[in-house]
Amino acid sequence: MPLTPIIIFAFFLFFTTLSHAEERLYKVTYVYDGDTVKLRPLGSNNAKDDFKLRLTEIDAPERNQDYGLKSRRALIKLCQGKNIIASTEIIAKDKYQRSLGKLLCNQVDASLYLTERGLAWNNARYSNDVDIYNAEIHARVKKIGLWADNYPIPPWNWRKMHQP
């Protein structure tokens, strides 16, 4: 059998499998801060199934940093509630063993939502999402949220200054 038909077959098999992949649905059971939540698979009542998800694409202020509580409250408003269904695709684990992925709450991208409101930085080091990048630029220009401050401290710098 020539190599080309095998490659074509493998290609179609791969994308057919992807198109039938089950979407993972969750409830947000806790919001730690503006970029970390606890998820439980929909239909589960067992806390042992819960896991931490660190949102990709953004870095939100820490809870005890300026705008940290506002960022957390905005994420609670968007993602936590009786009629809110969250979905994510886990892409990796970080050094703290948190799952990493994009979070959608009732089909709204949580990272974009927070960035548009000036409650998170586009994490340019790890993100290539043009919409989130543009949302940060827009929020900066309009002085929305944390961009109302003349010199907001990025969370990665704040964490360095407040290490134990």
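Values quoted throughout were computed directly from the atomic coordinates according to the rules given, and no laboratory measurement underlies them. Given the structure is predicted, the values throughout are model-derived calculations rather than measurements. No Cβ is skipped: glycine too gets one built from the backbone with ideal geometry, and neighbour counts run over all protein chains shown.
Once the gyration tensor of the Cα atoms in the range 22-161 is diagonalised, the equivalent ellipsoid follows with semi-axes of 25, 15, 14 Å, ordered largest first.
Close amide H contacts of I58 (hydrogens built in the peptide plane, cut-off under 5 Å, sequence separation of 5 or more or a different chain): N123.
When the Gaussian network model of the chain links Cα atoms closer than 10 Å, the mean-square fluctuations of L53, L114, L69 top out at L69. Note on K82 and Q163: with the Förster distance fixed at 35 Å, the Cβ-Cβ geometry gives a FRET efficiency of about 0.35.
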